[in-house]
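Undergrad: Mind looking over this structure? Questions follow.
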Amino acid sequence: MKKSNFFALVLAAAFAVPAFAQDGGAKVFGGAKQFNTWSIGVNGGVTAPVIFLGGHNDYNEWDANFGYGAYIQKQITHAFALKLDYQGGKVSGSYNPNENGQGNPGFSSFETTINYAASLQAQIDLTSLLWKRDSKVALYVQGGYGLTGYKPDSETRTEQFFPVGGGLKFKLSERIGLDLGYTMNFLDADNLDRTWYGSANDKWSYGYAGLNFSLGNKSKKNLDWANPYALMYDELKDDQLRQEVEALKSRVAATEGDVSNMKKDSDGDGVSDVFDKEPNTPAGNVVDGAGRTIVFPKPEPTAAVAEQSNTIQFDFNSDKLRPESMGAIENMANELKASGGKMLLEGHASAEGTEAYNVDLSKRRASSVKKALVKAGVKSGNITTKGYGETRPVASNDTEEGRQKNRRVEFKVQ
């Protein structure tokens, strides 16, 4: 993995707000509001005009002096916080002409009081990102920007600086922690030691030990010690939750079985076995919604308009002509072309659906027959269509056989 991708992943994880519960009344998916997020800290330690990374220093010998600090911190997520930090103290050093590799800075020694070094820093808890169990120790890194005021000589100066560092936090209790840290402060100037010798800016370090105190409701735990990986693991270990998950899996399996049974169609007639009244319908048979075979009357071969040949039937909720209807339509077309007469096509429907819908369906059925007659050579102006919906049944709508008879178009020669 490229370094840039790794750091992007670390930052993304740091900004993720934990949504898992932990002890103390927090609930799953309750968010950061369940935790205390503010804390303050005080510390003391050692300041020096050098950093452990090395680099140029105007003086070849340095002193360790007392430093002090304080901060207020806002925990944004379990792994990311913003910190308003303050440092103070003194740095000093001297020049030893007997040491090799160091030019004379012009003074034998210096002593600078750092009145203040105030900065806003971002802190990332690496332990919470990389470890998957609860811990009493947290490894963190931090960095930011600030302003410092110091007095290297008779004049007080104000300059920018950039603090970068890290440390370890130890959880002593829910309210108190021990903080051991080290900060490198990179000054945007070369006058901390009252000399401008060399091309590099000055810097100083602060190694410290201190205590931090959680602020907020005593019944809540602290967000900086909330590890979502561990919390999720603990949730999954809960026996009651595991039993609920297993029960849910059983219900899902049973539901999948029911759905599979509902889809089963043994005879392939398009009607599920659950609703099929004739589960062994021969292949190719036309069936109704209950899977029963529909028997259609065969059209008479004569072209005369008679009782059995003046009706075209349709499938349920359909205005499409059946193939077996084409013989009667062709015969009627030949009769009309020979006589030059006019015809009324009356569309009808069974009683399923609303009255308005059935009227529209009966009109479409009549229109389908007209289109077939026109295609067969009959003049469109000689054909009139009308839809009656379900108002003129020829059989009872209480049975499928009767409803099938009512799904029709009747020919009437005028």
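Undergrad: Would you confirm, using the coordinates I've provided, whether Leu336 is closer than 17 Å to Asp288 by Cβ and either in a loop (DSSP other than H, G, I, E, B) or at pLDDT below 90 (or both)?
TA: When the stated conditions are applied, Leu336 does not pass them.
Undergrad: Looking at Tyr145, Tyr140, can you tell me which residue is aromatic (Phe, Trp, Tyr), open to solvent by less than 60 Å² (accessible area, probe 1.4 Å) and at pLDDT 90 or above?
TA: Tyr140
Undergrad: Another question about this same structure. Under 7 Å between Cβ atoms, which residue pairs at least 6 apart in sequence (or on different chains) link something in the stretch 47-61 that is over 12 Å from Asp193 (Cβ atoms) with a partner that is surrounded by fewer than 19 Cβ atoms within 10 Å (Cβ to Cβ) and of a type in the set (Lys, Arg)?
TA: Qualifying pairs under 7 Å: Thr47/Lys90.
Undergrad: Does the stretch 68-99 hold any residues that are hydroxyl-bearing (Ser, Thr, Tyr) and in a strand (DSSP E or B), and which are they?
TA: Passing the criteria: Tyr68, Tyr71, Tyr86, Ser92, Ser94.
Undergrad: What's the number of the only condition in (1) modelled with pLDDT under 95; (2) part of a strand (DSSP E or B) that Met184 fails to meet?
TA: In the conditions (1) modelled with pLDDT under 95; (2) part of a strand (DSSP E or B), Met184 misses (1) alone.
Undergrad: A further question follows. For Gly55, only one of the following conditions fails: (1) of a type outside the set (Phe, Trp, Tyr); (2) open to solvent by 70 Å² or more (accessible area, probe 1.4 Å); (3) at pLDDT 80 or above. What is its number?
TA: Here Gly55 clears every test but (2).
Undergrad: Only one of these is at pLDDT below 95, farther than 22 Å from Phe162 by Cα, in contact with an Asp or Glu (Cβ under 8 Å, 6 or more places away or on another chain) and not small (Gly, Ala, Ser): Phe80, Phe110. Name it.
TA: Phe110
Undergrad: Specify which of the listed residues (Asp190, Asp153) is out of contact with any strand residue (DSSP E or B) (no Cβ under 8 Å at 6 or more places or on another chain), part of a loop (DSSP other than H, G, I, E, B) and open to solvent by less than 50 Å² (accessible area, probe 1.4 Å).
TA: Every option except Asp190 fails the conditions.
Undergrad: Shifting gears a bit: Tell me, please, whether a residue that is modelled with pLDDT of 75 or more, of a type in the set (Val, Ile, Thr) and within 15 Å of Asn406 (Cα to Cα) can be found in the stretch 319-329.
TA: No, the conditions are met nowhere in the stretch 319-329.
Undergrad: Here are some residues: Asp234, Asp269. Which one is modelled with pLDDT under 75 and part of a loop (DSSP other than H, G, I, E, B)?
TA: Asp269
Undergrad: Same structure, new question: Kindly indicate whether any position in the stretch 387-403 is crowded, with 20+ Cβ neighbours inside 10 Å, modelled with pLDDT of 90 or more and more than 26 Å from Arg292 (Cβ to Cβ).
TA: Checked the stretch 387-403: at least one residue is crowded, with 20+ Cβ neighbours inside 10 Å, modelled with pLDDT of 90 or more and more than 26 Å from Arg292 (Cβ to Cβ).
Undergrad: Looking at (1) open to solvent by 20 Å² or more (accessible area, probe 1.4 Å); (2) assigned to a strand (DSSP E or B); (3) out of contact with any helix residue (DSSP H, G or I) (no Cβ under 7 Å at 6 or more places or on another chain), find the lone condition where Gly165 falls short.
TA: (1)
Undergrad: Take Val409 and decide whether it is part of a loop (DSSP other than H, G, I, E, B), of a type in the set (Val, Ile, Thr), touching a residue at least 40 places away in the same chain (Cβ under 8 Å) and surrounded by 20 or more Cβ atoms within 10 Å (Cβ to Cβ).
TA: Against the criterion (part of a loop (DSSP other than H, G, I, E, B), of a type in the set (Val, Ile, Thr), touching a residue at least 40 places away in the same chain (Cβ under 8 Å) and surrounded by 20 or more Cβ atoms within 10 Å (Cβ to Cβ)), Val409 does not qualify.
Undergrad: Given the conditions (1) modelled with pLDDT under 75; (2) open to solvent by less than 50 Å² (accessible area, probe 1.4 Å); (3) more than 19 Å from Lys405 (Cβ to Cβ), and given that Ala247 satisfies all but one, which numbered condition is not satisfied?
TA: With respect to (1) modelled with pLDDT under 75; (2) open to solvent by less than 50 Å² (accessible area, probe 1.4 Å); (3) more than 19 Å from Lys405 (Cβ to Cβ), Ala247 is out only on (1).
The values are calculated or read from the model by the stated rules, or taken from the named source; none is laboratory data. Computed from a predicted model, the values in this text were never measured in an experiment. When we count neighbours, we look across all protein chains shown, and the Cβ atoms used for this are built from the backbone with ideal geometry, even at glycine. Side chains included, ligands, DNA and RNA excluded: accessible areas come from the protein's heavy atoms. Shrake-Rupley method; radii C 1.70, N 1.55, O 1.52, S 1.80 Å.
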